[in-house]
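The values are calculated or read from the model by the stated rules, or taken from the named source; none is laboratory data. Model, not experiment: these values are computed from the prediction. Cβ: placed from backbone, ideal geometry, glycine included. Neighbour counts: every protein chain shown. Protein only, heavy atoms only, side chains kept; ligands, DNA and RNA dropped before computing areas. Shrake-Rupley method; radii C 1.70, N 1.55, O 1.52, S 1.80 Å.
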Amino acid sequence: MVGYNKEVLGVGRVSAAMTESLMQQGCTVSMLERFVPPDWRSSTGTDEQPDVSDLDDDVAWLEAKDESFDVVLVADELVRARDPLAVLGRATRKLKPAGVLVAWLPNVAHGDTRIALEQGNFRYGGHGSLDVSQLESFTLVTIRDLFRRSGLVIVDTARVIVPLFGQQFGVIRDEAQPKSLHDLLDEPEIETYEFVVRAVRDNGDRALADLAQRFHELADRVHGESARSALLRIELRQMEYVSWELQRHQEHVQDQQRAIAEQQRYIEALTGHISGLEHNVEVLTRSLEELHQSYVAVQATYKEILGRRTVRGTAPIRRAYDKLTRRPEVR
């Protein structure tokens with residue numbers, strides 16, 4: 001958004017890394033930063049450095065000449081200024097007629113902030129989209145309104161995306177209400193952590209204003225479609241995971257079915273073995289019955305012989321009877 005070989009004025013917390021990057025692009029960078037009065041310890045009575053900025057005063061801006069810069073970079077100073085509209089007005093006066101103003105502002109409507117508020121555990125942090133030094137909070141709508149009222153037309157908008165549950169508020173996905181989370185994910189700016197805008201002076205040309213408005217509409221639509229595409233990709237990955245889990249379950253069911261089939265074959269084999277044993281028992285039972293019948297026949301024969309016995313033949317006959325009637329041992 002800045003470009004190459006530009007005269008750049010940095011306003012607020014422009015990092016050293018960004019300044020070095022701009023210088024590598026051939027830019028000349030001047031800085032206007034907030035300051036702390038030399039006697040701040042005696043005035044506060046503590047070691048805590050006060051949050052005092054001269055960027056709300058006209059005097060500080062006298063260090064930079066009016067209409068002398070190609071680009072004015074306004075860092076996150078707008079959220080710390082007592083009068084953001086006045087800061088933008090002063091910054092605009094430092095621009096050349098064809099100059100541009102680039103600013104970045106955190107999105108107060110990021111999903112983590114809203115979830116923390118819904119859960120009732122919101123707290124200010126030491127950094128991020130809502131740190132303790134902020135005086136103002138912005139959404140995309142209020143940013144556009146602020147720039148319009150300051151005589152600027154936003155011609156480009158970029159977004160810094162930070163996924164949900166990644167900020168400083170300590171919100172946890174499992175603790176978020178499913179319905180509320182689903183509703184939040186339908187909003188295109190829910191994961192926008194910071195807006196970076198590029199603006200030019202509003203020269204009263206209606207065509208420029210209409211073109212900028214049309215650009216915003218198309219850019220918002222593109223961003224919304226991109227957000228919806230991202231959500232669809234997430235849902236697709238979830239469906240792929242569910243499909244994979246279902247496939248694993250089906251494979252497990254198939255393994256169980258194979259195990260059941262093996263058990264059924266084993267049971268059938270045992271059933272056949274039991275049938276063979278029952279047949280053997282039946283054969284043995286018939287044999288015992290035949291032996292019993294033989295015993296009964298022998299006993300009847302013996303009684304018949306006893307009826308015809310003589311004194312001489314009594315002892316031999318008894319021995320023959322005992323021999324015939326002796327039961328065999330069954331093992």
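Annotations for the structure displayed:
- Filtered residue count, the stretch 42-76, keeping only those that are open to solvent by less than 70 Å² (accessible area, probe 1.4 Å), in contact with a helix residue (DSSP H, G or I) (Cβ under 9 Å, 6 or more places away or on another chain) and at pLDDT below 80: 7
- Test for Glu245: is it at pLDDT below 85 and either farther than 30 Å from Lys323 by Cβ or not in a helix (DSSP H, G or I) (or both): yes
- Qualifying residue in the stretch 310-329 (condition: under 60 Å from the mean Cα position of the chain (by Cα), modelled with pLDDT of 70 or more and in a helix (DSSP H, G or I)): no
- Leu9 out of contact with any Gly (no Cβ under 9 Å at 6 or more places or on another chain), open to solvent by less than 40 Å² (accessible area, probe 1.4 Å) and either among the basic types (Lys, Arg) or modelled with pLDDT of 85 or more (or both): yes
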